[in-house]
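> After the structure tokens below, expect a handful of questions from me.
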Amino acid sequence: MRHVLVKRRWGLLTLLLITALLISACGTQQTSKNSGSKGDTVELTVSAAASLTDALQEIQENYEAKTSGVKLHFNFGASGALQQQIEQGAPVDLFLSAASKNMNALVDKKLITPDQQKDLLANELIVITATEPSITVQEAKDLLNTDIQKIAIGIPESVPAGRYAQEALTNAGVWDDIQSKLVQAKDVRQVLQYVETGNADAGFVYKTDALSTDQVKIAYTVDPTFYTPITYPIGIVQSTTHAKEAEQLYNYLQSKEAMDVFMKYGFSVPNSK
């Protein structure tokens with residue numbers, strides 16, 4: 001009789017142990033599932049003008065350090081090329097252009113709504129030369145001198161800095177005479193690289209690009225009355241699948257904390273319209 005009772009007790013204990021293990025396993029599985037959903041990271045893609053590279057990379061560190069669950073990915077390039085990518089359906093959440101023209105084109109095509117875009121920054125157009133050998137350039141007509149054989153500019157059709165340069169050179173009356181010296185680049189950072197490496201004697205870049213390296217020097221600041229004011233608009237792309245997070249980043253980039261970083265790299269606040 002005692003043997004039967006002991007056997008029954010062991011059977012009951014075994015059943016209770018199995019039940020406890022099953023409950024524990026289910027609880028662990030549910031907890032794991034819930035933890036996974038809370039830990040999902042939202043990845044935002046920001047297409048931005050190449051001249052914003054240094055400033056945005058610093059801002060990225062600051063933003064990700066204070067914003068949990070958000071990872072930023074930047075697609076830097078010429079504003080015209082980035083505009084075309086968005087028009088062709090590229091998965092982009094925010095667009096920062098180096099010219100209003102490119103932003104306006106996306107607004108016209110209803111890819112960015114008017115109330116979700118605004119002018120964020122301003123910049124200046126300058127001419128740079130290599131630090132060595134020293135070349136003296138003080139105005140547009142000096143670019144015609146024989147000691148300057150190659151002048152780098154961004155492709156005017158797709159690179160805003162190149163379009164500003166073309167406008168300035170035209171208004172200075174030297175655009176036609178300078179054609180044989182021009183070396184076109186895919187974006188403003190490539191112009192900078194051409195001058196740094198000696199593949200061009202001079203180049204048209206933004207003030208912010210010149211401040212990013214000690215391998216070039218500012219030859220002169222282009223007369224601002226010779227070209228359209230340089231503004232950098234920012235906008236949320238309508239097709240974003242992360243509207244809340246995109247708007248949070250959009251607002252943060254207009255904050256004092258972010259603007260202080262932009263200013264450090266040489267950008268300024270655009271004039272009020």
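The values are calculated or read from the model by the stated rules, or taken from the named source; none is laboratory data. For clarity, every value in this text was computed on a predicted model and none was experimentally measured. No Cβ is skipped: glycine too gets one built from the backbone with ideal geometry, and neighbour counts run over all protein chains shown. Heads up: the accessible areas ignore ligands, DNA and RNA and are worked out on the full protein's heavy atoms, side chains in. Shrake-Rupley method; radii C 1.70, N 1.55, O 1.52, S 1.80 Å.
> Restricting to segment 230-252, and then to whatever is among the polar types (S, T, N, Q) and more than 19 Å from Gln83 (Cβ to Cβ), can you tell me which residue is most open to solvent (accessible area, probe 1.4 Å)?
Within segment 230-252, the subset among the polar types (S, T, N, Q) is 231, 238-241, 248, 251.
In the following step, the residues that additionally are more than 19 Å from Gln83 (Cβ to Cβ) were identified as 241, 248, 251.
Values: Thr241: 115, Gln248: 84, Asn251: 82 Å².
The residue in question is Thr241.
> For segment 222-273, which positions are aliphatic (A, V, I, L, M) and in a loop (DSSP other than H, G, I, E, B)?
We begin by selecting, within segment 222-273, every residue aliphatic (A, V, I, L, M); these are 222, 230, 234, 236-237, 243, 246, 249, 253, 258-259, 261, 263, 269.
Val222, Leu253, Val269 - these are the residues of segment 222-273 that are aliphatic (A, V, I, L, M) and in a loop (DSSP other than H, G, I, E, B).
> Let me ask you something else. For segment 173-189, give me each residue that is without any contact (Cβ under 8 Å) to a residue 40 or more places away in the chain and either open to solvent by less than 50 Å² (accessible area, probe 1.4 Å) or assigned to a loop (DSSP other than H, G, I, E, B) (or both). Give the steps one after another, and end with the answer.
Within segment 173-189, the first condition is being without any contact (Cβ under 8 Å) to a residue 40 or more places away in the chain, and the residues that meet it are 173-185.
Matches in segment 173-189: Gly173, Val174, Trp175, Ile178, Lys181, Leu182, Val183, Ala185.
> Filter segment 35-64 down to residues that are in a helix (DSSP H, G or I), among the aliphatic types (A, V, I, L, M) and either modelled with pLDDT of 95 or more or under 19 Å from Gln254 (Cβ atoms) (or both), then give me how many there are. So that I can check it myself, show each step before the final result.
First pass over segment 35-64, keeping only residues in a helix (DSSP H, G or I): 35-38, 50-64.
Filter once more, so that each one left must be among the aliphatic types (A, V, I, L, M): 50, 52, 55-56, 59.
Then keep just the ones that are either modelled with pLDDT of 95 or more or under 19 Å from Gln254 (Cβ atoms) (or both); that gives 52, 55-56, 59.
Of the residues in segment 35-64, 4 are in a helix (DSSP H, G or I), among the aliphatic types (A, V, I, L, M) and either modelled with pLDDT of 95 or more or under 19 Å from Gln254 (Cβ atoms) (or both).
> For segment 120-158, which residues satisfy the criterion of being open to solvent by less than 70 Å² (accessible area, probe 1.4 Å), of a type in the set (S, T, N, Q) and in contact (Cβ under 8 Å) with a residue 60 or more places away in the chain?
Keep residues of segment 120-158 that are open to solvent by less than 70 Å² (accessible area, probe 1.4 Å), which gives 120-123, 125-131, 135, 137, 140, 142-145, 148, 151-156, 158.
From the residues that got through so far, the ones that are of a type in the set (S, T, N, Q) too are 123, 129, 131, 145, 158.
Those that are open to solvent by less than 70 Å² (accessible area, probe 1.4 Å), of a type in the set (S, T, N, Q) and in contact (Cβ under 8 Å) with a residue 60 or more places away in the chain: Asn123, Thr129, Thr131, Ser158.
> What residue, among those in segment 88-113 that are of a type in the set (S, T, N, Q) and surrounded by fewer than 22 Cβ atoms within 10 Å (Cβ to Cβ), is nearest to the chain's Cα centre (by Cα)?
Of the residues in segment 88-113, the ones of a type in the set (S, T, N, Q) are 88, 97, 100, 102, 104, 113.
Among the residues that remain, those that are also surrounded by fewer than 22 Cβ atoms within 10 Å (Cβ to Cβ) are: 88, 100, 104, 113.
Values: Gln88: 19, Ser100: 15, Asn104: 18, Thr113: 20 Å.
Here the answer is Ser100.
> Follow-up question, since we're still on this one. Considering only residues that are among the small types (Gly, Ala, Ser) and touching a residue at least 12 places away in the same chain (Cβ under 8 Å), look in segment 253-273 and name the one that is most open to solvent (accessible area, probe 1.4 Å). Give the derivation first.
Pass one, segment 253-273, residues among the small types (Gly, Ala, Ser): 255, 258, 266, 268, 272.
Restricting the remaining residues to those that are touching a residue at least 12 places away in the same chain (Cβ under 8 Å) gives 258, 266, 268.
Details: Ala258: 0, Gly266: 15, Ser268: 50 Å².
Result: Ser268.
> Another question about this same structure. Checking Thr170 against (1) out of contact with any helix residue (DSSP H, G or I) (no Cβ under 6 Å at 6 or more places or on another chain); (2) in contact (Cβ under 8 Å) with a residue 12 or more places away in the chain, which single condition isn't satisfied?
(2)
> Let me ask another. Looking at Ser212 and the list (1) over 23 Å from the mean Cα position of the chain (by Cα); (2) over 30 Å from Ile112 (Cα atoms), which single condition is not satisfied?
Against the list (1) over 23 Å from the mean Cα position of the chain (by Cα); (2) over 30 Å from Ile112 (Cα atoms), Ser212 comes up short only on (1).
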